[in-house]
Structure formats: C-alpha cells, structure tokens
Amino acid sequence: MEIGTARLVLRGWRPSDLEPWAAMNADPEVRRYLGPLLTPGQAEAWVLNFQDDLDRRGFGFWAMEVRASGAFVGFTGLGILDDEMPVAGSVEVAWRLARPAWGYGYATEAARAVLEYAFGPLGLPEIVAVTMAGNLRSRAVMERIGMARDPAEDFDDPDVEEGPLRRHVVYRKRPDPR
C-alpha cells in the first residue's frame, strides 16, 4: 500500500533503501534528538520491523521518496507507543528525514497525508506525536499539521539518562469535525 502526495510517495521498504537509511542514522545531526547513532545492522533491523508492521497492520512507518527523482529521503508513518511511555498504546505520527531533505516541507506534507489515512481509512479517533522538548523543528511540524500540546502531559522518559534529551512533549490531534 502506498500513500501519495504531490511531491512524495510513502511506500514499503526496498533493499535499495538500506544504505541511505543506515547513512542517515549514522548522521549525528539526524540523531541529535533520538539518541545514539545506529550501526548498519541496527538500521537494517529497524527496516525489517517497519516492513513487518506495514505487512501485519496495514500501517506503520513507510519509506519516503521524492516523486520526481525517486530518491529515498526518510520515513514517516504511524506507530504504537511503547508500554513504558505515559501515552502507551496510543498511535503516534512520526517522521525522520535525511539532512539534505530538511527545509523543503517534506515532513509536513507527508505527516498531513498520514493523518488523512489515519482518520479516514483507518478510522482512528486520535493521533499523538512525541518528541524531546528541545526538538523545535519537529514541534513546528506538529503545530503546522494542527496538533495541540498540553504541557500537563509532558514527561521525563525513564529510558533516557538525566540531561537535555530526557524531557518529552506530547501533542494530540483528533479528526476535524465534518
């Protein structure tokens, strides 16, 4: 299953995605708010899990390519949040782009398409987004796609050591009333 926008294609993962995906996850700027860099083996394991979720659930994290060039530029999609999170079990929208793809509005465009899919065909009642408090670029995307933050839901991630990456913010969105 694919989701298309004017400029992007969100699709299943291909073997040709592994090298650029691994390179992106070895980039300290891309991983700045995500934790340690991934080895090529770890990056490949993530891709296998992403594709498994897509195959089993009909949603997950799709590979993102630029329609005009076919270039792989990252991912976007929907995931179910882990049990240790205060919003455990919620469906989250998330994205990650290679640094050369930053600043073109791809994350916003892709996230909007994913929300349409979540609220349309999937019929989900709500979507959340979670990021580290200091990740202002992702927070700006969350706001551009109409998500709202309640500071009372902010939390310290117990899996992250004390420091600037521990504090997380939660944004929510429900379908627009028709």
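The values are calculated or read from the model by the stated rules, or taken from the named source; none is laboratory data. Predicted model only: the values in this text are computed from it and were never measured. Counting neighbours? That spans all protein chains shown, and the Cβs are built from the backbone with ideal geometry, glycine included. These accessible areas exclude ligands, DNA and RNA; they are computed on the full protein's heavy atoms, side chains included. Shrake-Rupley method; radii C 1.70, N 1.55, O 1.52, S 1.80 Å.
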*Bin by bin, in steps of 5 Å, what percent of the Cα pairs in the stretch 1-131 do you find, going until the bin that has the longest distance?*
2, 11, 20, 24, 23, 14, 5, 1, 0
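Summarise the accessible area of the chain (1.4 Å probe, protein heavy atoms) by the percent that is carbon and sulfur.
Values: 4760 of 9150 Å².
Exposed carbon and sulfur together represent 52 percent of the surface.
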*In nm, give the distance between the simple-model label positions of residue 143 and residue 83, each being 7 Å from the Cα along the Cα-to-Cβ direction.*
3.6
*Would you mind finding the longest exposed-site-free stretch of the chain, with exposed chymotrypsin sites (Phe, Trp or Tyr not before Pro) meaning DSSP loop and at most 15 other Cβ atoms within 10 Å?*
1-101
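Suppose a student asked you for the relative contact order of the stretch 10-92, using Cα pairs under 8 Å spaced at least 6 residues apart; what percent would you report? Present the calculation step by step, with values, prior to reporting the outcome.
Working: 106 pairs, mean separation 20.8, N = 83.
Contact order relative to length: 25 percent.
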*Spin-label pair residue 153/residue 32, simplified geometry with 7 Å Cα→Cβ offset, distance in nm*: 2.5
*Taking only protein heavy atoms into account and a 1.4 Å probe, give the accessible area per residue of the chain in Å².*
51
_Mean-position separation - Cα centroids, the stretch 1-66 and the stretch 103-137, in angstrom_ = 16
*State the answer as a single residue: which of 90, 59, 34 lies farthest towards the positive end of the charge dipole of the chain, with beta carbon charges of +1 for Lys and Arg and -1 for Asp and Glu, about the Cα centre.*
59
_Label point distance in nm, residue 39-residue 2, each placed 7 Å from Cα along Cα→Cβ_ = 3.5
